Amino acid sequence: LLSDLLGTPLDFQKVQNLLLGQTIYDLRDERYRLTESTRGYQLEAVNNEFLKRMFLLDAGNFKALAQQLGQPRENRSVTVTYPQYQKVEGQLFPQQIQILANDGAENTRIDMTFRGIEFNVPVSFPFSIPSGYEEITIE
């Protein structure tokens, strides 16, 4: 669903980066044009024929302030902004994430606010086979 919304294939790493305020793409994989602004560092992909990529990074901590992906030929774009960060156990995490996707005349907006973050806690996913069904083992 996210891949369709954003117009680019997403794997676990990219979704994780998006939620943690990191750039979706590894910036070391391509060449970017760097521009300094009052808000931070703006990086724009040099080879952006098919998929235009722009990232705005905070100059102090290099966390993403905004990410923009666009397909100009298809009139599609998505902008992810991080208006506010919070410090949890000495690490910065987005407190708010705003996603705005445009596909021609259609617009989709997603606003997320994280009130509490816990990490490195044990989790379990208990499961039992319902009565009337048999366990299948795949080798």
Regression test value, accessible area per residue of the chain, probe 1.4 Å, units Å², expected 73
Quote the FRET efficiency, to the nearest 0.05, computed for F114 versus D58 with a Förster distance R0 of 22 Å and r equal to the Cβ-Cβ distance. 0.80
FRET efficiency, S37 to R73 (Cβ-Cβ, R0 30 Å, nearest 0.05): 0.65
Going Cα to Cα from K52, which lysines come in below 23 Å? Please leave out same-chain ones fewer than 8 positions away. K14, K63
Simple spin-label estimate for Q91 and E134 in nanometres, 7 Å along Cα-Cβ: 4.5
With the 8 Å Cα cutoff and a minimum separation of six or more residues, the chain has a relative contact order in percent of 14
Among (i) 8.7; (ii) 9.9; (iii) 13.4, which one is mean projected area of the Cα convex hull in nm² computed from these coordinates? (iii)
Rounded to a whole %, the carbon-and-sulfur portion of the accessible area of the chain at a 1.4 Å probe is 49
Just from its helices, what would the mean residue ellipticity at 222 nm be for the chain, if runs of 4 or more DSSP H residues each count -39500 (n - 2.57) and the sum is divided by every residue, rounded to the nearest 500 deg cm²/dmol? -2500 deg cm²/dmol
GNM on the chain, Cα springs under 10 Å; top mean-square fluctuation among P83, P126, P94 goes to P126
Counting pairs of alpha carbon atoms under 8 Å apart in space and at least six apart in sequence, what relative contact order in percent does the stretch 81-134 give? 23
Given Cβ point charges of +1 (Lys, Arg) and -1 (Asp, Glu) and nothing else, what value in debye, to the nearest 20, does the dipole of the stretch 10-55 about its Cα centre take? 120
I'd like the FRET efficiency for A105 and E49, computed as 1/(1 + (r/R0)^6) with the beta carbon distance as r and R0 of 22 Å, rounded to 0.05. 0.35
Rounded to the nearest 20 debye, dipole of the stretch 52-139 from Cβ charges on Lys, Arg, Asp, Glu: 660
Of Y41, S128, Q13, farthest towards positive along the dipole that unit charges on Lys, Arg, Asp, Glu beta carbons give the chain: Y41
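The values are calculated or read from the model by the stated rules, or taken from the named source; none is laboratory data. Being a predicted model, the structure only gives us computed values, none of them experimental. Cβ atoms come from the backbone with ideal geometry, glycine included; neighbour counts cover every protein chain shown. Surface accessibility is based on the protein's heavy atoms, side chains included, excluding ligands, DNA and RNA. Shrake-Rupley method; radii C 1.70, N 1.55, O 1.52, S 1.80 Å.
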